[in-house]
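J.: Before anything else, here's the structure in question.
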Amino acid sequence: MANLPNNILYAALNQLSVGIIIIDEQQQIVFYNQWVSDHSGLSPMQQEGKSLGIVFPQYLGSRLSSACESALTLGLPSRLSNTFNPTPLPLYQKNFLGNDNHLIQQQISVKKIAIDSSTPLCQIVIDNVTHMVKKEQTLLKLADENKSQRHKAEVANKSKSQFLANMSHEIRTPINGVLGMLTLLNDTQLSQTQRHFSKLATVSAETLLHLINDILDFSKIEAGKLDIENVAFNLGDCIDETVQTMAIKAQMKDIEVIVDSTSLIDDSVIGDPSRLKQIISNLLSNAIKFTEKGEINIKIKTTEIDTTHLKLLVNVSDTGIGIPTQKCADLFDAFTQVDASTTREYGGTGLGLTIVRQLCQLMGGDIEVNSQQGQGSEFTFYLVLDKDTHITLPLPTFNEKPVLVIDSSVNNGEMVSRQLKLWGLNVELCSDNAEVKSLYGKIEKNNFSVLLLDATIDSLLLENILISLANANKSQLNKTQVIFLTTMNNDSANKSALLTSLMAKENMHRLTKPIVTKSLHRELTLTFSSENRKPELRSATKLFTSQTVAENDNEHVKILLVEDNRINQEVALGLLRKMGYKADVAKNGLHALELLGKRQFSKPYQLVLMDCQMPEMDGYQATVAIRSEDKYQLSRQINIIAMTANTMKGDQEKCLAAGMNDYLAKPINPSLLAEKIAFWLAH
Amino acid sequence: MQDNLTPLEIDALTEIFNIGIGRAAHSLNQMVSQTVDLTIPEIEILPNKEAKQKLDFDTEMEISAVTQRFSGDFQGQALLMFSKENGLQLVGLLLGNKIPIEDLSELEQDSLVEIGNVILNACFGTVINFLQSSISIEMPEFVQGNINKIFTYSSDNDWSLYIKVKFSLPSQQIAGHISFIMDITSLEVFQESVRKFVFGITNKAGS
């Protein structure tokens, strides 16, 4: 190596794709390679012996020259980075010599040549980093663009969600008008045809409202705007309520709905009850929609994940038309129903299941479907819920009393007897007509203390059982108590009459299907505890009219209705009239303040129903004025209920923050309105 | 090690390194638009193991360092170290970047190498000028990683001349750490040079 001939070394140096300049102690050029002459325009070797500062005037006094100096005197090597020294020497791209737009971006190393020579030499190595500089500039530009795009997208998203909020208000207001008017119309004298038409109109308006809610939910989830609440609630109650509301529709189609919550271990949880209800009602309404006969089974199970978390597993299966297996996977995609004709026959947006799945996922779970065409469908979803620290006590158990369950539905019978066994009762189950006959003897011997009897069984059978019972009760002191399991919409007129007459008897009780744990327990407790109880007709559903019996003192005007929309005024007034209240109307916040001010000395208002969005002065401003301005001092404590179509999350907080006492979402639910008015008038 | 440097000798060493680093500050000010002031508040000679603890870097912490090897009268490795954040901050400030950078690009990494090179060269220059030592120095390199990765070239038995450097910019103060890692023989030679130098000045002053 050391003996490599000079001509080879020269050739090699000249072929390098970096620039090399060698200078001596006086900073005079000793050598530069081909690369340097190519990019500087200096002819090869012509400048040898000349001072570098004369050849490149910008070298004088530059950082490069001081770097060379310390290399030559002290032997210190230097690195000149491109960022601090972009173009220390006038070097150009090959075809653009002398063009300052095409200067080469440089990165330079300076080092003493370490040989034992009398005169120290220094080498300057020049790297062309033009490409790298360009690349980094491009990247920087891209990063900037990316940032501004993201900013734009955020702004667009924000205005989209604002648009949604407005849409929600604008669309619900007229639907509220339509629904309200139809409610009033139904209460007037109508011919049968008119009643039919009005009913159809109501159904259509309700469907429309439902569709809009679905679309709004879907868009909110898509926009990431849907928040999951975290409140403490009772899991069993939440599910039971949902099932009971949905079951009416099922029973109208003669479909049995069975809730099995025997595997529900923990009741007190923290989560979003309204979204859980939404999931279950969506699945149930699908099941009811696509099932013609048979039953819908809901199985609920909780398992412990760790000390603070629970997994809720809910299984909803039906005996309906089912779904072809290969289509199951697409079921949860937006806007798909199994086929277009299904959509036409059964209606719906095709968004329901998409929303359900998204809600499950938002709550840390998922959903899956198992189905075959003609074999019914089975949906299973799970969620993760927080355990509530406050623990509900399990329902007390009963002494080992003998109980007979007769149910035409095997599943329902099994569920009920499983539940009863959990409570410590000795249960005999019978769901077969033939089997029942063998039991007459046992019934007559008064072997059972309670008989749970499905009211839908064959009438003849029913009569025979009742005869056996009558025989038993004649001879025995302790009569067998009977709990009839009836549907909500009562059966045929015949049976209904039979049941009504039976109910008059003291040992007869009644429980409405679907059977939910709590009411079953309550009924049993009552049955066991009151031998001589007066017969009492109970129904699971509270009737709207029972709560709103007009009282005499509702006559004088106590209520101020603040609402800008004329139709909504009519609707609300109509509903109030029906409940026996009279109300004054203010058309906006200012008007409301004026009326309140006038009336505060004689017969002041006791309640304000306040719309939120109104021209001139909105409901929030009006409320703040009532609560804070001296002019309304006497009315300052008046109860104010907000009525608004804004149902985006946060609206309720906004109302309460403005000083309102309560909140009602439009369209107004008449029974809820009655409840709230009664409550706030009493407070 | 038989005898450590006396406080007087350490003082003298700090003084001459401050002169050297002053020159580095001058060079930096020429390179960048900012005014940078460099000072050395502290110099110590201590075993590598203690020097590492002195650095106050968590073992998992990312460190950006510029290193130059040296050989001759004494040999070893010089390191200028910053926490990764401080390194980024320094480059950002010196380049006048408005937006904070999350990682050094290749070119920015190179600018940190240049800054380190200027500062380490100032230290080498001091040693060569004042202590009359003959050493040859290699090109600077960039190293990044945790403290153990940075110190790979040396063992815990080696010694460090530990120098703390304070960068004072108009808006910010950034601390860097310099370590001249030498083996025990090199260290003895180095200390001898320091003693000679101090003896030289005290004698001159005395005569």
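J.: Tally Lys and Arg at +1 and Asp and Glu at -1 over the other residues with C-beta under 11 Å from the C-beta of B:GLU42: what net charge comes out? If you can, show how the numbers build up before the last one.
T.: On the way: positive: B:LYS54, B:LYS164, B:LYS166; negative: B:GLU44.
For residues surrounding B:GLU42, the net value is +2.
J.: With the crude spin-label approximation of a point 7 Å out along Cα→Cβ, what separation in nm comes out for A:GLU400 versus A:ASN464?
T.: With each label point 7 Å from Cα toward Cβ, the separation is 3.1 nm.
J.: Give me A:HIS683, A:HIS591 ranked fewest to most by other Cβ atoms within 10 Å of their Cβ, as a rough exposure proxy. Intermediate results must be reported in sequence, preceding the final value.
T.: Details: A:HIS683 9, A:HIS591 19.
In order of increasing Cβ crowding within 10 Å: A:HIS683, A:HIS591.
J.: Rank these for me by crowding, B:SER111, B:SER33, A:SER671, A:SER635, going from fewest to most other beta carbons within 10 Å. Mind showing how you got there, number by number?
T.: Working: B:SER111 24, B:SER33 8, A:SER671 14, A:SER635 20.
Fewest-to-most Cβ neighbours within 10 Å comes out as B:SER33, A:SER671, A:SER635, B:SER111.
J.: May I ask for the Rg/Rh ratio of the protein assembly as shown, computed from Cα atoms with Rh as the Kirkwood radius, given to two decimals?
T.: Details: Rg = 45.4 Å, Rh = 36.9 Å.
Across the protein assembly as shown, the Cα-based Rg/Rh ratio is 1.23.
J.: Which of B:SER179, B:LEU104, B:LEU8 sits closest to the plus end of the dipole of segment B:7-201, meaning its Cα is farthest towards the positive end, when Lys and Arg get +1 and Asp and Glu get -1 on the C-beta?
T.: B:LEU8
J.: Taking 7 Å along the Cα-to-C-beta vector as the label spot, tell me the B:ASP11-A:GLU570 distance in nanometres, rounded to one decimal.
T.: About 10.2 nm, to one decimal.
J.: I'd like the FRET efficiency for A:ASN99 and A:VAL18, computed as 1/(1 + (r/R0)^6) with the beta carbon distance as r and R0 of 25 Å, rounded to 0.05. Could you put the intermediate results ahead of the total?
T.: Numbers: r = 22 Å, r/R0 = 0.87.
Result of the calculation: an efficiency of 0.70.
J.: Pairs to check: A:LYS421/A:LYS513; A:LYS225/A:LYS311; A:LYS253/A:LYS474; A:LYS518/A:LYS582. Give those whose C-alpha atoms are more than 30 Å from each other in this structure.
T.: Check vs 30 Å cut-off fails for A:LYS253/A:LYS474; A:LYS518/A:LYS582.
J.: I would also like to ask the following. Take segment B:7-201, drop everything but the C-alpha atoms, weight them equally and run the Debye formula without solvent; then report log10 I(q)/I(0) at 0.13, 0.16, 0.18, 0.19 Å⁻¹ to two decimals.
T.: At q = 0.13, 0.16, 0.18, 0.19 Å⁻¹ the computed log10 ratios are -0.66, -1.01, -1.27, -1.41.
J.: By count of other Cβ within 10 Å, fewest leading, how are A:THR380, A:THR389 ordered? Write out the running numbers ahead of the final one.
T.: Working: A:THR380 16, A:THR389 9.
Exposure proxy ranking, most exposed first: A:THR389, A:THR380.
J.: Using r as the Cβ-Cβ distance of B:LYS166 and A:GLN361, and R0 as 35 Å, what FRET efficiency do you calculate, to the nearest 0.05?
T.: 0.05
J.: Once you charge only the Cβ atoms, +1 for Lys and Arg and -1 for Asp and Glu, what is the size of the charge dipole of the protein assembly as shown about its Cα centre, to the nearest 20 debye? Don't skip to the answer; put the middle values down first.
T.: Values: 79 positive and 102 negative charges, 596 e Å.
Computed charge dipole of the protein assembly as shown: roughly 2860 debye.
J.: What value in Å³ per residue do you get for the convex hull of the alpha-carbon atoms in segment A:1-113?
T.: 117
J.: Can you pull the one-decimal nm distance between simple spin-label points at A:ASP116 and A:SER274, each 7 Å off the Cα toward Cβ?
T.: 9.2
J.: For chain B, take the longest principal axis of its alpha carbons; what is the angle in degrees between that and the long axis of helix B:106-131, to the nearest 10 within 0 to 90?
T.: Taking Cα atoms only, the helix is inclined about 10 degrees.
J.: Against the longest alpha carbon principal axis of chain A, how many degrees, from 0 to 90 and to the nearest 10, is the axis of helix A:410-422 turned?
T.: The answer is roughly 90 degrees.
J.: Kindly provide the helix-only [θ] at 222 nm of the protein assembly as shown, computed as the sum of -39,500 (n - 2.57) over DSSP H runs of four or more divided by all residues, to the nearest 500 deg cm²/dmol?
T.: Numbers: 27 runs with 396 residues, N = 890.
The helix-only estimate for the protein assembly as shown comes to -14500 deg cm²/dmol at 222 nm.
J.: In degrees between 0 and 90, to the nearest 10, how far off the longest principal axis of chain B does helix B:7-31 point, with axes built from Cα atoms?
T.: 30
J.: Test of the criteria: in segment A:620-683, which GluC sites (Glu not before Pro) are in a DSSP loop and have at most 15 other Cβ atoms within 10 angstrom of their Cβ? Write down the numbers at each step before the final one.
T.: Working: sites: A:GLU629, A:GLU653, A:GLU675; in loops: A:GLU629.
Listed in order of number, the matching sites are A:GLU629.
J.: Could you tally the net charge around A:CYS328, taking each other residue with its Cβ under 11 Å from the Cβ of A:CYS328, Lys/Arg +1 and Asp/Glu -1?
T.: Values: positive: A:LYS327; negative: A:ASP330, A:GLU368, A:GLU378.
Every neighbour counted, the sum reads -2.
J.: Would you calculate the convex hull of the Cα atoms in segment B:160-207 and tell me its volume per residue in Å³?
T.: Taking the convex hull of the Cα positions in segment B:160-207, it is 80 Å³ per residue.
J.: Work out, step by step, the length gained on full extension between A:PHE31 and A:ASN471: first 0.36 nm times the residue separation, then minus their alpha carbon distance; give nm to one decimal.
T.: On the way: separation 440, 0.36 × 440 = 158.40 nm, distance 12.94 nm.
So the extension gain works out to 145.5 nm.
J.: Just to confirm my numbers, what's the Cα centroid distance between segment A:68-87 and segment A:21-66 in Å?
T.: The two parts, judged by their Cα centres, are 15 Å apart.
J.: Work out the charge dipole of the protein assembly as shown with +1 on the Cβ of Lys and Arg and -1 on the Cβ of Asp and Glu about the Cα centre, then indicate which of A:PRO396, A:GLN613, A:VAL110 is farthest towards its positive end.
T.: Towards the positive end, the residue furthest out is A:GLN613.
J.: Straight-line reach from A:LYS442: which aspartates and glutamates have Cα under 15 Å away, leaving out those fewer than 8 places along the same chain?
T.: A:GLU428
J.: Still on this structure: Just tell me which lysines come within less than 19 Å, Cα to Cα, of A:LYS94; anything on the same chain fewer than 8 places away is out.
T.: A:LYS134
J.: What relative contact order, as a whole-number percentage, does chain A give when Cα pairs under 8 Å and 6 or more residues apart are counted? Intermediate values should be presented prior to the final figure.
T.: Numbers: 1080 pairs, mean separation 55.6, N = 683.
Worked out over chain A, it gives 8 percent.
J.: Over segment B:7-201, what relative contact order in percent results from Cα pairs under 8 Å that are six or more residues apart?
T.: Details: 341 pairs, mean separation 66.9, N = 195.
Reported as a whole number, the value is 34 percent.
J.: Additional query: If you take the alpha carbon radius of gyration of segment A:573-683 and divide it by 2.2 N^0.38 Å, what ratio comes out, to two decimals? Before the final figure, lay out each step's value.
T.: Numbers: Rg = 13.2 Å, N = 111, 2.2 N^0.38 = 13.2 Å.
Normalised Rg, Cα atoms only: 1.01.
J.: Turning to a different aspect of this structure: Using the Karplus curve 6.51 cos²θ - 1.76 cosθ + 1.60 with θ = phi - 60°, work out ³J(HN,Hα) for each residue of segment A:387-398 in order, rounded to whole Hz, and write x for Gly and Pro.
T.: Along segment A:387-398, the couplings run 6, 8, 5, 7, 9, 8, 6, x, 5, x, 8, 10 Hz.
J.: Please report, for the Cα atoms of segment A:59-196, the Rg to one decimal and the Dmax as a whole number; what are they, in angstrom?
T.: Considering segment A:59-196 through its Cα atoms, Rg and Dmax are 37.5, 125 Å.
Quick note: the coordinates plus some simple rules give every number you see, no bench work behind them. Being a predicted model, the structure only gives us computed values, none of them experimental. FYI the Cβ positions are ideal-geometry reconstructions off the backbone, even for glycines, and counts take in every protein chain you see.
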